[in-house]
1. Given the options ILE122, ILE93, name the one that is out of contact with any Ser or Thr (no Cβ under 7 Å at 6 or more places or on another chain), among the β-branched types (Val, Ile, Thr) and in a helix (DSSP H, G or I).
2. Based on this model, can you work out whether LYS171 counts as part of a loop (DSSP other than H, G, I, E, B), more than 27 Å from ASP69 (Cβ to Cβ) and at pLDDT below 90?
3. Could you identify the single residue in VAL136, VAL117, VAL105 that is part of a helix (DSSP H, G or I) and under 26 Å from ARG41 (Cβ atoms)?
4. How many residues, within the stretch 107-137, are in contact (Cβ under 8 Å) with a residue 12 or more places away in the chain and over 18 Å from LYS67 (Cβ atoms)?
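The values are calculated or read from the model by the stated rules, or taken from the named source; none is laboratory data. Fair warning: this is a prediction, and the values are worked out from it, not measured in the lab. Here the Cβ positions follow ideal geometry from the backbone for every residue, glycine too, while neighbour counts run over all protein chains shown.
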Amino acid sequence: MTLRARQPILAAPMRCPYCHDNDDKVIDSRSSDGGKAIRRRRQCNACSKRFTTYEHIERQARLNVVKRDGARVPYDREKLASGVQKACYKRPIPAEELVKLVDTVEESLFRLGEREVPSIDIGRLVAEQLKRLDQVAYIRFASVYMQVRNIDDLLQEVREVKDAHQPPPPKDQGNLF
Ligand SMILES: [Zn+2]
């Protein structure tokens, strides 16, 4: 995916205060300073130590989303969360997993350090996370937000998810699809 390859330009990467690695995961987020900042608890993926960062809301306000028709709208966490919630409707996924998923996606977006991000790229980031979390939610999300145009595209996605989650069938067994 091209999103990974780009280096952050504007946003300074979060560095672990212990080992200075910039690869970490967010384990908890809550608003602080009367809603003007987000306090994030992080765990370094390199040394496993935990640390806290504060992010100011202006950082979010600077990001624009470029829609498919070329229109630009300010990034909106609530919109992102509601798309994820719809895909996960009635699925056995704990609410905190959804918050974590939105955090992870948001984190990747800000790490890009871009002022504008195409909505399709955000969709891809969400889809990537959902794929790991819940196959049904992933397929729902893909059919609504990704460019799945017809039943063949959708079946292709279903097949890929199945292949990724199942051991390969014995050699003498034919393919079901
Ligand atoms: Zn570290």
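1. Values: ILE93 fails: in a helix (DSSP H, G or I).
Just a single option satisfies the conditions, and that option is ILE122.
2. On the way: part of a loop (DSSP other than H, G, I, E, B): yes; more than 27 Å from ASP69 (Cβ to Cβ): yes; at pLDDT below 90: yes.
So LYS171 fits the description; yes.
3. On the way: VAL136 fails: under 26 Å from ARG41 (Cβ atoms); VAL117 fails: part of a helix (DSSP H, G or I).
Going through VAL136, VAL117, VAL105 in turn, the sole match is VAL105.
4. Of all residues in the stretch 107-137, those in contact (Cβ under 8 Å) with a residue 12 or more places away in the chain come to 107-131, 133-137.
The next check asks that each one be over 18 Å from LYS67 (Cβ atoms); those that pass are 107-108, 110-111, 113, 128-131, 133-137.
Going through the stretch 107-137 one residue at a time, the tally reaches 14.
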